[in-house]
Amino acid sequence: MSQSTESGSTPLARTVQRLAEDKSWLSTRNSILAVLAGLVIGLLSLYSPWVGLGVVVALAFVLAALTKPVILGYAMIIATVIASGMPRDRIVPLLRPNEAAMVIVFVLSLPIILFSPRHVSRRLRTLDLGMALFLLGMVLLPAAFYLLRGETLLLQDVMALAAPAQYVLLYVVFQYIPTSEKDRQRLVYLMLIGGAVVAAIGLMQAARLPFIEGFLQTWYPSSHLDQAREYGRVTSIVPGWNVFGILMMINLLIVRSLYISGVKLSRPGRLIVWIAAGLCGAGLLASGSFAGIIGLGIGILIIGRFDRQNFQRVLLLGILLALAAFVLRSFIAERIEFQFGQGNSLIPQTLQYRFELWESTFIPAVREHGIWGLSPDFSDVFQWDYAESQYLYLLLRSGMVSLVGHLLWAGITIAWLYRRVRENFGISRSVIVSALAVLVALTIAGITNEVFSFSGAVDYLWILLGIAASTERVA
């Protein structure tokens, strides 16, 4: 047997290896690629200067992302904040802009994901198992069951079945992107900045500023926006008022988690945190979301379970909320009058209406279709588009398999986060604690809201889970 055969190489392979090691060839190759890129940009610019400029910006972004992958995380957070509330199929065919951004970011992350040299711990495989069960129960098995039953799936049905996969992609991307505590801290700061921007726009909407209302009608139209003024609600740039309230809750829980023992924040970091706390606190009150307010209380209690020394921070957060309540007192009074001014019941009017909907419409439908599901997208089946419960929604969307898949994922993830809290320090511990608090709060809020389907808010949970998982990937 020849030496080349024994070494597993061929003449072609040896030639390629020599070219790869030849620095002069590398320089020539880079020059050729630069010339070709310039020619392509030039030709596109002849067709349209805007197209050429777009290609230049895209190439600059790709090169920057390949050099510093955390930039992909920044881009995804910005896209989540800005584009989640935009209508589907308006800017990008079939998709919301943030979903298109997710696809692009995932594709650009593939080299990092496929060739990451970092070690995967055994503990992380448990969390990944939960994600696999979620994907199986929420997407793959429901699609298979509908096809086996001979159901005709329309495009909106396919989109509804595939929607949960985008959250798993978020988890995967943010598991690989951050490589250090500094990366994680910057990503969390950007999440808070994004929440503060959404809160500020929502507060201006609550103040009935005409230019904000016009801006929202142009770029973020929705049925909730059309009804917001009538019902004294706030939507901001997310798809609905409940989404807005839950997003504010999540940001406030992140703020609280950043002040657990052992976390050190820089002066600019503290400024970001408390500006976000003030704006998001006011935004939560303006939202009138009982699910968000109750969820905040539950989350703070959970975080306090792991941090008994910093209750002065909770007091300061409470003072900020009290000040916000004073400033928004007329808006809040209007909301309280709407909820409780129609009778003598202590149950909010909107919750009473949910009970009526469940009894008259959704529970009978679940009795009939809850095993296999009624339709992936049942918005045309009932006069009311929302099941007003995550768990009724899952049963009607795709039956018991989805409910079981969701509950298995939530249980495994909560257990994993709980065990990991005391094994981490600094910003990593904050991320894990906040993810745990948010997940438990949403699991409870899911009784009366489809919170795990709130695009624009629940994305933050999956980003936190990805960042938390990144702590298990070491060199």
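None of the figures in this text is laboratory data; all of them are computed from the coordinates on show. If you're wondering where the values come from, they're calculated on a predicted model, not measured in any experiment. Ideal geometry is used to build each Cβ from the backbone, glycine not excepted, and the neighbour counts take in all protein chains shown.
Brief remarks follow.
- Distance between segment 340-419 and segment 100-170 - C-alpha centres, whole angstrom: 22 Å
- A full extension of the chain between LEU129 and ILE371 corresponds to an added length of 84.7 nm, given 0.36 nm per residue minus the alpha carbon distance.
- The peptide list 161-170, 418-427, 431-440, put in order of mean Cβ contacts within 10 Å with the highest first, becomes 431-440, 161-170, 418-427.
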